[in-house]
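Colleague: Here it is, the structure in full.
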């Protein structure tokens, strides 16, 4: 086979490869149908689209060390990554990206339309504990001490604005009628919020306060100085009251949990008119045994179900509970809450709390617009370049345009083959590189013109042109590749897409200008061996 | 054949003073302004929150601002964005950024709460949210600067290897000029500097470098072909010879950028502006700055085999030739 035939074969092989990589395939993805997002099979070119083109969420999280410091960060991050991956797998997002990057965890969920829900799902620690409520009236005993500690720390009613609806001063120390709404807004000088504003809620260890008093209590309980005044082995936790509720519930609990989330093997969401929205759970054999043991010791006691240090509910233990149980979320709560809770309980608790350091949410409509704009720009750019080439170089320009077609197809195929993500800057990079790809052709053609001027034959001029332009072409492509590589290294998401498009274009441009166009010239020369002039 | 700039012989190096004046005129005001009024950074570099919303019914900026102030969202500024239903709310002040240290999403949540309270939860749709915590912003800033420095360093090394250090330095300095001019443009147009814009600047570096490489490649070739041609004349000739390619590549790239400017949309537009300007300035510096720089470097630190080519001052091809004409004659031997 002649060299020319080898070349033609190589070009055809490349085109075949490109056709394979770019051929429209069936993929399942979220599409906008009648105003709702649904999963549907769609036939399209298999180019992966970045978040800015299809919409979605990008979240970067770090370990939150504001409450406790974590000694072994790398290990904690690793375990957190596994938990998050399990959760997202169960959530059912197509092509999620979950990876660790230095000290951060990066999560990208394309096509997700409820960002808050997704972020809560990913970030929630989901630490489940079962704790018995206090039966020793501990809060009454330490109320005075806690108030004194609060005063020491300067947490006073004055700094928070006293509430007009102060609870009766007698409420805690007398077993009297707590509904007596004495407008006693001046508590005794020795008293304080814990002594005067807390009311028993009818069950041991459970108290209520007015919602208006929440800020000062929250502030006090966040202060470790104040909480040192609590009796040993006891903790105070808030209930999961709705924001609109007029009261907030406080629970005094045994610090030791009789069972925790690690013993869970399964959790299911359920909803019925009687129980409301609940999550039923299943424990391991060992966990079930331990649970039965403990609950039989505490029959008729109240057991708080605590999720992330918030008490979800505190039912009475009527009889020993074995391997099955139920967490009540309440009537009127949406099923999605139960589903999400069941999901995180199944996937496991996060070993460390995470905080969000970066979040981007792109709506899908924005992405669709961007694609359309990119395609239009690409079409116009291509048309203009084709026009310029054919006007300026005529027949040779036509050959260059053919090379340009090869270039475009090859660049896109490289992106598809390497599973690169196409972003909006990536489209811009592609359009830009069309203009730059013809640079190699300019170098070669101008050289050919000069050789023809010097009186060389057509065949020789073409050869010399390609030969002498070679070094400049290599240098220009390498310098562009260097800047693209740096951009790839230091850029994030969309900018990285730009760098990738540029790099793919550089490779395709080399192939196109030096190999494909040369082959076309050789083909032409073969048919017109006696050519005296070259249309260039 | 259709040929532009065919067999030209302009004396570009002669005009170096004019070129320097242009450069100074364009960049010095920006250099003076920037320390006082700063640059317009996007939240990617400062941290902060940007929320783009679309209301069901038209509303005006004043109402949105009132809603945000009522909820005491720190430093949130709404701006109309295209139609009377679209707004972009930006919280980039220091207190907003510092609040995000606890969680990047907090300010965005506050903004949504504020809009819910004032307008009702179903009356608008969030099109886009971006929230960057302060430390991430700082890191991105540092990385962008490092990236630019490495870009210059690597190309310097590569060019020094392919040509030699004098050529490399001349090319890199001319490119530095292009970057400075690009930043001046960013200052004058008050473009928002985002990561993508930094990408644009790095692309200008790449393109500008390419241009210098093509000219210097021709210089190197001419140095091989002639033995005693004066460097001044040789450099001029090389620039003239590569002029068609320089202009044509600039034209096709500008054509593609025009397409991006027309159709590209808001995100791409700053990128396209910077590149358009960068290409024009890059072409300018390839013609009027790179060659005089190389000549100056060679005169100060001449290479052994260049000495024979270096007679005459920076302003004339040869001492005896008349200085008046802008189009000097072609190569004259340096030896007198």
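Colleague: Where in region B:1-107 are the strands (runs of 3 or more DSSP E), entirely inside, with at least 2 residues that are exposed (fewer than 15 other Cβ atoms within 10 Å of the Cβ)? First the steps, then the outcome.
Modeller: Values: elements: B:48-55, B:76-81, B:83-91.
Hits in region B:1-107: B:76-81, B:83-91.
Colleague: Can you list the strands (runs of 3 or more DSSP E) lying wholly within region A:53-120 that have 1 or more residues being in contact with a strand residue (DSSP E or B) (Cβ under 7 Å, 6 or more places away or on another chain) and farther than 24 Å from residue A:421 by Cβ? Please lay out each step first, then the result.
Modeller: Details: elements: A:56-63, A:97-101, A:104-110.
Answer list for region A:53-120: A:56-63.
Colleague: Please go through region A:369-408 and give me each residue that is within 32 Å of the chain's Cα centre (by Cα) and more than 10 Å from chain B (Cβ to nearest Cβ), ordered by number.
Modeller: Let us first name the residues in region A:369-408 that are within 32 Å of the chain's Cα centre (by Cα), namely A:369-378.
Answer for region A:369-408, where residues must be within 32 Å of the chain's Cα centre (by Cα) and more than 10 Å from chain B (Cβ to nearest Cβ): just A:371.
Colleague: Checking residue A:456 against (1) assigned to a helix (DSSP H, G or I); (2) in contact with a helix residue (DSSP H, G or I) (Cβ under 7 Å, 6 or more places away or on another chain); (3) more than 12 Å from chain B (Cβ to nearest Cβ); (4) without any contact (Cβ under 8 Å) to a residue 24 or more places away in the chain, which single condition isn't satisfied?
Modeller: Unmet condition: (1).
Colleague: Next question, about the same structure. Out of (1) closer than 25 Å to residue B:112 by Cβ; (2) modelled with pLDDT under 85; (3) surrounded by 22 or more Cβ atoms within 10 Å (Cβ to Cβ), the odd one out for residue A:109 is which?
Modeller: Every listed condition holds for residue A:109 apart from (2).
Colleague: What are the pairs, 6+ residues apart or on separate chains, where a residue within region B:178-193 that is over 17 Å from residue B:45 (Cβ atoms) has its Cβ under 8 Å from a residue that is part of a loop (DSSP other than H, G, I, E, B)?
Modeller: Between residues of region B:178-193 that are over 17 Å from residue B:45 (Cβ atoms) and residues that are part of a loop (DSSP other than H, G, I, E, B), the close pairs are B:185/B:191.
Colleague: Related question: For the structure I just gave you, tell me whether residue A:202 is modelled with pLDDT of 80 or more, closer than 27 Å to residue A:128 by Cα and part of a loop (DSSP other than H, G, I, E, B). Quick ask: steps written out before the conclusion?
Modeller: Details: modelled with pLDDT of 80 or more: yes; closer than 27 Å to residue A:128 by Cα: yes; part of a loop (DSSP other than H, G, I, E, B): no.
In short, no.
Colleague: Next up: Take the residues of region A:497-518 that are more than 14 Å from chain B (Cβ to nearest Cβ) and buried (at least 21 other Cβ atoms within 10 Å of the Cβ): which is nearest to residue A:427 (Cα to Cα)? Give the derivation first.
Modeller: Let us first name the residues in region A:497-518 that are more than 14 Å from chain B (Cβ to nearest Cβ), namely A:504, A:507-508, A:511-512, A:514-518.
If we keep only those that are buried (at least 21 other Cβ atoms within 10 Å of the Cβ) as well, we get A:504, A:508, A:512, A:516-517.
Working: A:504: 12, A:508: 16, A:512: 20, A:516: 24, A:517: 25 Å.
Here the residue is A:504.
Colleague: Could we say that residue A:366 is away from chain B (no Cβ under 14 Å) and in contact (Cβ under 8 Å) with a residue 12 or more places away in the chain here?
Modeller: Details: away from chain B (no Cβ under 14 Å): no; in contact (Cβ under 8 Å) with a residue 12 or more places away in the chain: yes.
No, not satisfied.
Colleague: Pick from B:214, B:219: which is at pLDDT 90 or above and either over 30 Å from residue B:3 (Cβ atoms) or facing chain A (nearest Cβ under 10 Å) (or both)? Step through it out loud before you land on a result.
Modeller: On the way: B:219 fails: either over 30 Å from residue B:3 (Cβ atoms) or facing chain A (nearest Cβ under 10 Å) (or both).
That would be B:214, the only listed residue that is at pLDDT 90 or above and either over 30 Å from residue B:3 (Cβ atoms) or facing chain A (nearest Cβ under 10 Å) (or both).
Colleague: Can you name the residue in region B:170-227 that is in contact with a helix residue (DSSP H, G or I) (Cβ under 9 Å, 6 or more places away or on another chain) and outside any helix (DSSP H, G or I) and, of all such residues, is surrounded by the fewest Cβ atoms within 10 Å (Cβ to Cβ)? Full working, then the answer.
Modeller: As a first pass, look at region B:170-227 and keep what is in contact with a helix residue (DSSP H, G or I) (Cβ under 9 Å, 6 or more places away or on another chain): B:170-189, B:191-223, B:226-227.
The next check asks that each one be outside any helix (DSSP H, G or I); those that pass are B:191-194, B:226-227.
Numbers: B:191: 21, B:192: 16, B:193: 23, B:194: 22, B:226: 15, B:227: 10.
This residue is B:227.
Colleague: Going residue by residue through region B:232-244, is there one that turns out to be part of a helix (DSSP H, G or I), more than 7 Å from chain A (Cβ to nearest Cβ), closer than 23 Å to residue B:15 by Cβ and out of contact with any helix residue (DSSP H, G or I) (no Cβ under 8 Å at 6 or more places or on another chain)?
Modeller: Applying the first criterion (part of a helix (DSSP H, G or I)) to region B:232-244 yields B:232-244.
If we keep only those that are more than 7 Å from chain A (Cβ to nearest Cβ) as well, we get B:232-243.
Then drop every residue that is not closer than 23 Å to residue B:15 by Cβ, which leaves B:232-243.
In the following step, the residues that additionally are out of contact with any helix residue (DSSP H, G or I) (no Cβ under 8 Å at 6 or more places or on another chain) were identified as B:233, B:240.
Yes, some residue in region B:232-244 is part of a helix (DSSP H, G or I), more than 7 Å from chain A (Cβ to nearest Cβ), closer than 23 Å to residue B:15 by Cβ and out of contact with any helix residue (DSSP H, G or I) (no Cβ under 8 Å at 6 or more places or on another chain).
The values are calculated or read from the model by the stated rules, or taken from the named source; none is laboratory data. This structure is a prediction, so every number in the text was calculated from the model and none was measured. As a convention, Cβ positions derive from the backbone with ideal geometry for all residues, glycine included, and neighbour counts pool all protein chains shown.
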